[in-house]
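So the structure is just underneath, and the comments pick up after that.
Nothing in this text is a laboratory measurement; each read-out follows from the coordinates by a stated rule. Note that the coordinates shown come from a computational prediction; the quantities given were computed from them, not determined experimentally. Here the Cβ positions follow ideal geometry from the backbone for every residue, glycine too, while neighbour counts run over all protein chains shown.
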Amino acid sequence: VALGARSYDVLIGERLIAAAGAEIARRFPGAAAAIITDETVAAHHAGALETALGGHVACRGVIAMPAGERTKCFAELARLAEWLLEKGVERGDLVIALGGGVIGDLAGFAAAIVRRGVRMVQVPTTLLSQVDSSVGGKTGINTPQGKNLAGAFHQPSLVLADTGVLATLPDRETRAGYAEVAKYGLLGDAAFFDWLEQSHARILAKEPEALARAIEVSVGAKAAIVARDETEAGDRMLLNLGHTFGHALEAWAGFSSRLLHGEAVAIGMAEAFRYSERRSLCAAGTAARVERHLRAAGLPTCIAHIPGNSLPTVEELITLMGQDKKVQRGRLTFILARAIGEAFVTRDVDRQDLAAFMADEIKLPA
Ligand code: NAD
Ligand code: GLY
């Protein structure tokens, strides 16, 4: 990821955790490390990372946070920041985030604020975090007002995406991560989307070659966008395709396992294409092709696919969208599309028109 003096490598491969101690010691001689993970990942992979650090990197401690989206909150951030200070983590040390996007975002935010900034290494263990959240330096937590509303930009110093750890990832989580893979095709790479239509079953089955290509293309796309617009003044907003709708649904569902982040993004991307088509921005049939693909990958594409009996109201969703970080002088920002692979950023969205669209979305049958 080319960011001048703060540039860093993203290594993608099958046995990177086993090699992590030597790799980290070579790149950051003399630095000690503290490992932040969650309870589920700890049971599968923390021992291997500790062993790998072994004689190469001094370990100041390992902390396993509760698994799940609700851990991205102020209370857990406070607990974690104080733990890092108690363990004597210094500015020159490394915070290692071993886990999915929840741990990466939370540990990254703690690393950004402890002693006004400690270096960090991301060791993403979900497909979602390997293709998206571990790269680009967005860190943060959720608040009752909405998703990722407190945070900081804090780039990692290294990302080790060990594809071998995905063997233990549950299928539902793999599918949720796949939504972010499809996002890169939908926002800017029609040829990649064509390939995904042929290859999604092999990726979801974690076939090494297909998986590695999907991760490499995704990370390459993200790295290029982050290099041109690190702090989201322009192009980086494209990475939020499906997120204005999706974040509102996640907040409405209470950041619970009822709706995973990647699932919310899948619904949000389908909505973005349906809305683009309704406004004649893209050709008839485009949204149906997007939906077909997401459904084939086992992802939800409309609000009726969210399990449970309750439905949101239009007012609830539009209020939640109003908390989006991309809102400017009260105007919502959307990522819409002219075609598959041709997304663009717009504030040209009339609230009444949006409300009418959302009313139809809430009524859409499963
Ligand atoms: P997650 O971190 O909650 O991980 C999903 C579940 O899988 C958890 O229960 C976890 O314990 C488990 N798990 C993780 N790795 C495992 C493994 N190898 N084997 C078995 N179980 C494993 O969720 P996620 O989908 O990785 O990340 C979602 C979060 O990422 C959201 O909070 C989202 O906002 C954030 N995100 C951030 C960015 C960014 O740029 N910072 C980008 C996209 C998403
Ligand atoms: N996941 C959106 C971004 O990193 O900008």
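Quickly estimate the mean residue ellipticity at 222 nm for the chain, helices only: each DSSP H run with n ≥ 4 gives -39500 (n - 2.57), and the total goes over all residues, rounded to 500. Don't jump to the answer; show the numbers that get you there.
Details: 12 runs with 155 residues, N = 366.
The per-residue figure over the chain is -13500 deg cm²/dmol.
Run the quick spin-label model on Gln323 and Ala288: label points 7 Å from Cα toward the beta carbon, then report their separation in nm to one decimal.
Taking the two extended label points, one gets 3.7 nm.
Once fully extended, how much extra length lies between Asp194 and Leu311, figured as 0.36 nm per residue of separation less the alpha-carbon to alpha-carbon distance?
Stretched fully, the Asp194-Leu311 segment lengthens by 38.8 nm.
How far, in degrees from 0 to 90, does helix 261-278 lean away from the longest principal axis of the Cα atoms of the chain, to the nearest 10?
Roughly 30 degrees between the two axes.
Out of the range 42-111, which trypsin sites (Lys or Arg not before Pro) are coil in DSSP terms and have no more than 11 other C-beta atoms within 10 Å?
Working: sites: Arg60, Arg70, Lys72, Arg79, Lys87, Arg91; in loops: Lys72, Lys87, Arg91.
Here the trypsin sites (Lys or Arg not before Pro) that fit, given the DSSP loop and packing criteria, are Arg91.
Arg70 versus Ala304, label points 7 Å from Cα toward the beta carbon: distance in nm?
3.0 nm
Would you mind calculating the gained length between Glu86 and Ala205 on full extension (0.36 nm times residue separation, minus the Cα-Cα distance), in nm to one decimal?
Working: separation 119, 0.36 × 119 = 42.84 nm, distance 4.22 nm.
Working it through step by step, the gained length comes to 38.6 nm.
Given +1 on the Cβ of Lys and Arg, -1 on the Cβ of Asp and Glu, and no further charges, what dipole in debye does the chain carry about its Cα centre, rounded to the nearest 20?
Dipole magnitude for the chain comes out near 540 debye.
Give me the percent relative contact order of the range 14-145, please, defined on Cα pairs under 8 angstrom at least 6 residues apart. Each step should come with its number before you reach the end.
Values: 223 pairs, mean separation 33.7, N = 132.
That works out to 25 percent.
Under a point spin-label approximation (7 Å from Cα along Cα-to-Cβ), what is the Arg15-Ala150 distance to one decimal in nm?
So the label points at Arg15 and Ala150 sit 4.3 nm apart.
Tell me the net charge near Ala359. Cut-off is 15 Å between Cβ atoms, Ala359 excluded, with +1 for each Lys or Arg and -1 for each Asp or Glu.
Every neighbour counted, the sum reads -3.
Which entries in Lys72/Lys138; Lys138/Lys222; Lys147/Lys326; Lys72/Lys147; Lys325/Lys363 show an alpha-carbon gap greater than 18 Å?
Lys325/Lys363
For a Förster distance of 41 Å, can you work out the FRET efficiency between the beta-carbons of Ala43 and Ala2, rounded to the nearest 0.05?
The formula returns an efficiency of 0.65 here.
As an exercise, use a Förster radius of 30 Å and the Cβ-Cβ distance of Ala296 and Ala167 to find the FRET efficiency, rounded to the nearest 0.05.
My answer for the efficiency is 0.85.
Take every Cα pair under 8 Å in the chain that's 6+ residues apart, average their separations, divide by the length, and report that relative contact order as a whole percent.
15 percent
Mind pulling the angle between the C-alpha long axis of helix 351-363 and the longest principal axis of the chain? Nearest 10 degrees, somewhere in 0 to 90.
90 degrees
Could you calculate the contour length gain from Arg79 to Ile113, that is, 0.36 nm times the residue separation minus the distance between their Cα atoms, to one decimal place in nm? Provide the component values of the computation, followed by the final result.
Values: separation 34, 0.36 × 34 = 12.24 nm, distance 1.29 nm.
Extra length from Arg79 to Ile113 when fully extended: 11.0 nm.
Suppose a student asked you for the relative contact order of the range 276-366, using Cα pairs under 8 Å spaced at least 6 residues apart; what percent would you report?
33 percent
Principal axes first, then extents: for the Cα atoms of the chain, list largest minus smallest coordinate on each axis, whole Å, largest first.
60, 41, 40
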